[in-house]
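The values are calculated or read from the model by the stated rules, or taken from the named source; none is laboratory data. Source: prediction; values computed, not measured. Using ideal geometry, Cβ is built from the backbone for each residue, glycine included, and neighbour counts are taken over all protein chains shown.
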Amino acid sequence: MNIDSIQTGIVIDHITAGKGMEIYNLLHLDKLDCSVALLLNASSNKMGCKDIIKINQDIDIDMNALGYVDPGATIVIIRNSKVVEKRTVSLPEKLTNVLKCKNPRCITTTEQELPHVFLLTEPSKRVYRCMYCETKANSK
Ligand code: ZN
């Protein structure tokens, strides 16, 4: 992949084709001041097609949010035009403030200051449930 355009920043690579926009929204990349490039359907030797996000700034990526949407993605950290670190993403055990519980009687609906916590209850099916009321999150 061509990373010449980035001197310092982060590349989210190997995103399953079609999930780039969802990750862009979930990580609130539209709120950043720096330039962000979203490449959809880039060709990949390994995957056929993939999405790539390039962020022209060293930011903290919410690895849990990313892992929830696409556990196969890779994070590449670039400084001074060199790759300094690669991190693989995995399915998180716990999601904090990524999803909101839809149960109107859930304690998080009335207690606004509580964090929204979901736990991975069935890893094989990627099922997450609210820690407080056990309501199932939207399945992917
Ligand atoms: Zn709940």
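Of note:
- Any hit, the stretch 78-94, residues being within 16 Å of the ligand (Cβ to nearest atom) and more than 16 Å from Asp13 (Cα to Cα): yes
- Options Thr88, Thr74: the member that is of a type in the set (S, T, N, Q), under 13 Å from the mean Cα position of the chain (by Cα) and modelled with pLDDT of 95 or more: Thr74
- Filtered residues of the stretch 126-140 (kept if at positive phi and either away from the ligand (no atom under 14 Å from the Cβ) or modelled with pLDDT under 95 (or both)): Arg126
- Residue that is surrounded by the most Cβ atoms within 10 Å (Cβ to Cβ), among those in the stretch 10-38 that are among the hydrophobic types (A, V, I, L, M, F, W, C) and over 22 Å from Asn97 (Cβ atoms): Val11
- Residues in the stretch 64-83 that are out of contact with any strand residue (DSSP E or B) (no Cβ under 7 Å at 6 or more places or on another chain) and among the β-branched types (Val, Ile, Thr): 1 in all.
- Residue-level analysis places Thr108 outside the set of residues that are near the ligand (Cβ under 9 Å from one of its atoms), under 22 Å from Glu22 (Cβ atoms) and at pLDDT 95 or above.
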